[in-house]
Amino acid sequence: MAADTATSPALEPVPQITAHEVTRERSGIIDWLTTTDHKKIGILYLVTTFVFFLIGGVEALMMRLQLGTAENTLLDPSTFNALFTMHGTTMIFLFVVPIMAGFGNYFVPLMIGARDMAFPRLNALSYWLLLSGGVVFYASLFFSPPEAGWTMYTPLSNETFSEGGGVDAWIFLVHLTGLSSLVGAVNFYVTIANMRAPGMGWGRLPLFVWTILVYAILLILALPVIAGAVTLLLTDRHFGTHFYDPTEGGSPLLWQHLFWFFGHPEVYIMVLPAFGIISEVLPVFARKPIFGYKAIAASSVVIAFLGLLVWAHHMFTTPSPTVVLVFFMMSSFLIGIPTGIKIFNWVATLWRGTIEFKTPLIFAAGFISQFTIGGITGIIVAIFPVDWQLHDTYFVVAHFHYTLMGGAVFAVFAGIYYWFPKITGRMMNEKLGMWSFALMYIGFNLTFLIQHTIGLDGMPRRVYEYPDVGNLVLYNRISTIGAFVLGLGILLTVINILRSVKRGPVAGPDPWKANTLEWFSTSPPPDNNFDVIPRVRSVEPMKDIRRQIAYQTGTGSEAPPAAESLVRG
Amino acid sequence: MVVAGVIASAIGIVLALAIEWFPTVAATQTKKISTLYDVLLIASVPIFVLVVTVVVAAVIRFRMRPGQEDQDGPPIHGNTRLEVIWTVLPALLILGLCTYSYIVLEDIEKAPAAAQELRIGVHGEQFAWTFTYPEEVTGGEELTTTELVLPVDRSVRFSITTADVIHDFWVPDFAMKLDAVPGLTTHYRVTPTRLGTYPVVCAELCGLGHSVMRSRVRVVEQAEFERWLAEQSTPAVEEGAGPDEQVAAGKQIFASEGCGGCHTLADAGSGGQIGPNLDDVLKGVDEAKIREDIVDPDAQIAAGYGAGIMPSTYGQTLSDSELDALVAYLKEATK
């Protein structure tokens with residue numbers, strides 16, 4: 001055994017954290033403000049982003065209320081434009097992207113058997129930058145919130161057409177949350193590359209960690225571009241430059257290219273970790289290994305690569321030569337293939353399993369059906385002759401809500417129900433969880449399925465009112481009712497969380513009989529995560545450990561895991 | 001499961017084809033795009049049905065039954081043949097759809113013989129559309145209007161420009177839209193095939209009045225198109241009309257120009273909130289001032305409203321007699 005350790009670098013112990021001094025334990029709020037523990041920072045991330053999710057949700061409900069009937073005068077156009085700008089910005093920059101960082105923060109070190117992130121203080125910096133970005137942005141409520149949409153197309157967002165500080169607040173939000181994500185991304189990359197448990201090669205990395213790795217790389221590639229783009233917008237607005245001004249040799253289309261060069265990878269930044277959560281949840285509740293581990297891991301990488309090459313499909317209604325249109329249509333089409341591979345592998349994971357009906361599984365199944373619709377409508381809008389009808393209409397709104405709300409958010413909810421016992425040590429209420437899912441599923445589809453038709457019938461996005469023609473009033477009313485049902489479903493989960501934190505049944509270390517290392521630790525895990533870091537022998541280390549225990553204690557009939565794990569991986 | 005899947009796919013496809021997805025097919029281009037859309041649905045429905053049927057069947061058939069709590073499913077880790085199948089088949093499908101889309105694109109953009117094509121300018125400005133008929137179309141002076149009138153069965157090439165921010169010229173019934181980008185002139189062509197009146201919509205967020213930046217397009221017979229062109233050069237109000245006729249004509253102009261989209265005016269029954277409430281701001285104002293407010297809206301702006309929001313082109317799109325009538329009406333309505 002000793003000789004083995006000397007020859008194989010994989011068996012060398014990971015760097016251990018040594019205490020240089022004993023610090024007094026800080027109490028309460030000071031501890032939360034100064035913590036560098038990845039689990040506490042993870043909780044800060046999750047709570048903060050979920051609050052922003054609720055704020056963004058209220059903004060959405062206000063918009064749906066306004067659109068509940070034709071020619072409504074409930075909100076004035078200025079308020080409405082501010083609402084959809086803040087809704088989009090909040091959901092993207094302050095909810096979906098950072099909540100994935102929240103899950104990543106809490107679970108990446110635990111899943112790879114590390115005791116913390118590589119750079120704990122940078123980790124804390126990431127969180128505080130995110131929070132300041134959110135605060136700066138929402139402070140604009142007290143002067144003039146931005147009204148130019150989350151895409152901030154110039155010239156509408158320049159000084160002439162958007163006076164006041166709203167757009168500037170948005171620019172600083174992008175700078176601050178961008179820095180936060182960049183610092184976080186480097187941290188994830190270094191952690192995953194260097195701090196894996198002994199035996200955890202790339203072929204045994206949990207699929208969620210794979211997606212966080214790709215997420216980090218995409219952030220590093222895409223964020224500098226938007227940071228540069230908004231800086232140019234800032235100097236255009238205040239320091240007399242003309243990067244986007246056609247009368248002085250600039251171009252408004254430059255903004256769109258830069259914005260979407262970031263904006264489309266951003267879509268995958270949001271949805272890849274969601275894929276990761278689904279890939280973790282399904283095998284646990286199907287009680288069967290993930291089908292096609294390598295195909296799922298590789299498709300994440302392919303999606304990320306192709307995702308960098310499709311940005312101009314957001315610009316199909318700007319003047320472009322035919323060959324450019326064809327290129328971006330082809331590349332957008334190609335993404336359908338790796339995405340399809342993932343979906344088929346998930347479905348195959350369920351097949352012949354022993355499926356345990358728990359809330360995380362139900363949310364994951366809901367995710368598959370809704371994301372499939374989002375993927376198919378994605379192909380439809382990628383075909384430019386059809387897109388000329390669909391672009392900038394409610395069809396597009398419906399499409400991206402199917403990928404981001406029906407997709408990413410349902411995965412986030414699966415993740416919340418799945419990991420809540422690990423984070424708090426207590427189980428959530430299953431009955432309330434099922435009700436929450438049922439209302440969210442019905443409400444979501446009621447709201448957004450009909451929006452495809454609304455768009456096809458000729459209603460553009462971002463209008464604060466519409467004329468009473470055809471069935472628009474009926475369709476919009478259905479959508480508004482659906483939105484409130486969806487809101488009620490989300491509220492049930494909030495109630496469930498608040499109740500279960502204090503009063504849920506105690507979970508124990510591994511309530512789901514899961515596959516990955518975070519369940520090896522207690523719930524919640526201690527400061528150092530693990531007293532002993534086990535050697536990883538397969539993609540499912542916890543299954544090996546359970547079998548080993550059963551074998552050694554004589555409670556199970558199965559053979560020891562050694563033979564199987566030697567052939568694989 | 002296979003039977004259920006096939007039946008569900010068939011029902012799905014029939015439904016998808018039975019529903020009229022596009023508003024009306026009012027141009028040759030719309031027809032091609034609408035057919036392409038139907039083909040996409042025929043390809044998509046079975047894929048969606050496949051995924052959902054298998055998920056539902058798996059969840060029912062392989063649910064955990066009492067006594068199975070400690071049982072694991074079989075240790076299946078993958079299947080290379082399946083992986084290859086579900087990579088190659090979608091790839092072929094996608095290649096086919098891509099080729100078809102390219103053919104449709106070529107078809108749509110194909111130019112007709114140059115002499116037969118109408119060339120019309122489309123100009124976007126916060127928050128109104130104006131349309132310019134060049135001399136070669138009118139046979140006389142260049143004509144600028146706020147209503148788009150097109151002859152049926154004749155190809156039209158639009159040249160789209162903007163005065164300020166990005167707008168997007170969209171006629172849902174033609175299934176075509178294109179951005180108006182500052183500094184550029186963009187083009188697309190359609191051949192209207194169906195008589196009728198259809199909405200013109202701005203599809204790109206352009207500011208406070210984005211949702212009221214609507215106009216209409218009327219597709220008429222060639223003979224009527226020529227008659228309409230001729231009418232445009234005669235005054236809207238007869239020379240020497242009485243004040244009542246002027247006010248009545250002005251009321252019509254107020255409605256047809258879409259003033260009510262932005263302005264509240266009790267007499268016209270409009271409730272727009274983008275611009276000032278005319279019942280308040282025009283009370284007791286004299287004719288010369290009202291006229292200036294229309295022709296040069298930024299000269300003096302009501303408190304609480306911004307410059308550059310109301311189009312400054314009404315001096316060009318309205319004839320002198322139309323302006324007189326509109327001013328007379330506004331004076332009368334806000335007395």
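The values are calculated or read from the model by the stated rules, or taken from the named source; none is laboratory data. Given the structure is predicted, the values throughout are model-derived calculations rather than measurements. Glycine also receives a Cβ, built like all others from the backbone with ideal geometry; neighbour counts cover every protein chain displayed. Side chains included, ligands, DNA and RNA excluded: accessible areas come from the protein's heavy atoms. Shrake-Rupley method; radii C 1.70, N 1.55, O 1.52, S 1.80 Å.
Data overview
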{"quantity": "Qualifying residue in segment B:42-50 (condition: surrounded by 17 or more Cβ atoms within 10 Å (Cβ to Cβ) and either touching a Phe, Trp or Tyr at 6+ places or on another chain (Cβ under 8 Å) or assigned by TED's automatic domain parsing to the domain that holds B:R189 (or both))", "calculated": "no"}
{"quantity": "Among residues of segment A:264-303, those that are open to solvent by less than 20 Å² (accessible area, probe 1.4 Å), within 14 Å of chain B (Cβ to nearest Cβ) and not in a loop (DSSP other than H, G, I, E, B), counted", "calculated": "12"}
{"quantity": "Cβ-Cβ under 6 Å pairs, at least 6 apart or on other chains, segment A:123-149 side open to solvent by 50 Å² or more (accessible area, probe 1.4 Å), far side small (G, A, S)", "calculated": "A:V136/A:A169; A:F143/A:G165; A:E147/A:A82"}
{"quantity": "Residue check for B:V152: within 14 Å of chain A (Cβ to nearest Cβ) and within 26 Å of A:F384 (Cα to Cα)", "calculated": "no"}
{"quantity": "Candidate set from segment B:59-69 (those that are surrounded by 10 or more Cβ atoms within 10 Å (Cβ to Cβ) and modelled with pLDDT under 85); member that is farthest from the other protein chains (Cβ to nearest Cβ)", "calculated": "B:E69"}
{"quantity": "Count of residues meeting criterion [open to solvent by less than 30 Å² (accessible area, probe 1.4 Å), in a loop (DSSP other than H, G, I, E, B) and within 14 Å of another protein chain (Cβ to nearest Cβ)] in segment A:151-196", "calculated": "8"}
{"quantity": "The one condition in (1) open to solvent by 20 Å² or more (accessible area, probe 1.4 Å); (2) away from chain A (no Cβ under 14 Å); (3) modelled with pLDDT of 80 or more that B:I294 fails to fulfil", "calculated": "(1)"}
{"quantity": "Restricting segment A:380-401 to residues that are in a helix (DSSP H, G or I), among the hydrophobic types (A, V, I, L, M, F, W, C) and at the interface with chain B (Cβ under 7 Å from one of its Cβ atoms), the residue that is nearest to A:I442 (Cα to Cα)", "calculated": "A:I380"}
{"quantity": "Exclusive hit being in contact with a Ser or Thr (Cβ under 9 Å, 6 or more places away or on another chain) and in contact (Cβ under 8 Å) with a residue 12 or more places away in the chain, set A:P467, A:P511", "calculated": "A:P511"}
{"quantity": "Segment B:189-217 - residue that is surrounded by fewer than 23 Cβ atoms within 10 Å (Cβ to Cβ), without any contact (Cβ under 8 Å) to a residue 60 or more places away in the chain and over 11 Å from the mean Cα position of the chain (by Cα) and, of those, farthest from the other protein chains (Cβ to nearest Cβ)", "calculated": "B:L195"}
{"quantity": "Residues of segment A:85-102 satisfying the condition of being over 13 Å from A:S181 (Cβ atoms) and surrounded by fewer than 24 Cβ atoms within 10 Å (Cβ to Cβ)", "calculated": "A:H87, A:G88"}
{"quantity": "Cβ pairs under 9 Å, 6+ apart, first in segment B:1-12 and under 16 Å from B:V59 (Cα atoms), second of a type outside the set (V, I, T) and part of a helix (DSSP H, G or I)", "calculated": "B:M1/B:A57; B:M1/B:R61; B:A4/B:A57; B:G5/B:P46; B:G5/B:L50; B:G5/B:A57"}
{"quantity": "Residue within segment A:422-431 that is open to solvent by less than 20 Å² (accessible area, probe 1.4 Å) and assigned to a helix (DSSP H, G or I) present", "calculated": "yes"}
{"quantity": "Within segment A:385-419, tally of residues that are within 30 Å of B:D107 (Cα to Cα) and open to solvent by less than 10 Å² (accessible area, probe 1.4 Å)", "calculated": "8"}
{"quantity": "B:V200 being at pLDDT below 85 and either within 21 Å of B:T146 (Cβ to Cβ) or touching a helix residue (DSSP H, G or I) at 6+ places or on another chain (Cβ under 8 Å) (or both)", "calculated": "no"}
{"quantity": "Unique residue being assigned to a loop (DSSP other than H, G, I, E, B) and more than 12 Å from chain B (Cβ to nearest Cβ) when the list is A:F243, A:F261", "calculated": "A:F243"}
{"quantity": "Test: residue in segment B:20-28 that is assigned to a helix (DSSP H, G or I) and either of a type in the set (V, I, T) or more than 9 Å from chain A (Cβ to nearest Cβ) (or both)", "calculated": "yes"}
{"quantity": "Residue in segment B:88-112 that is farthest from the other protein chains (Cβ to nearest Cβ), counting only those that are out of contact with any helix residue (DSSP H, G or I) (no Cβ under 8 Å at 6 or more places or on another chain) and open to solvent by less than 60 Å² (accessible area, probe 1.4 Å)", "calculated": "B:P112"}
{"quantity": "Pair list, Cβ under 6 Å, 6 or more apart: segment B:88-103 residue under 17 Å from B:S34 (Cα atoms), other residue outside any helix (DSSP H, G or I) and among the aromatic types (F, W, Y)", "calculated": "none"}
{"quantity": "Per-region count, segment A:350-372, residues within 7 Å of chain B (Cβ to nearest Cβ), buried (at least 24 other Cβ atoms within 10 Å of the Cβ) and either touching a Cys at 6+ places or on another chain (Cβ under 8 Å) or more than 20 Å from A:W512 (Cβ to Cβ) (or both)", "calculated": "1"}
{"quantity": "Every residue from segment B:5-19 that is away from chain A (no Cβ under 12 Å) and either closer than 23 Å to B:L93 by Cα or in a strand (DSSP E or B) (or both)", "calculated": "B:G5, B:V6, B:I7, B:A8, B:S9, B:A10, B:I11, B:I13, B:V14, B:L15, B:L17"}
{"quantity": "When residues of segment A:7-61 are limited to those that are of a type in the set (S, T, N, Q) and at pLDDT 95 or above, the one most open to solvent (accessible area, probe 1.4 Å)", "calculated": "A:T48"}
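Residues checked against (1) touching a Leu at 6+ places or on another chain (Cβ under 9 Å); (2) open to solvent by 20 Å² or more (accessible area, probe 1.4 Å); (3) within 14 Å of another protein chain (Cβ to nearest Cβ):
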| site | (1), (2), (3) |
| --- | --- |
| A:W435 | yes, yes, no |
| A:F444 | yes, no, no |
| A:G455 | yes, no, yes |
| A:G458 | yes, no, yes |
| A:Y466 | yes, no, yes |
| A:N471 | no, yes, yes |
| A:L474 | no, yes, no |
| A:A483 | yes, no, no |
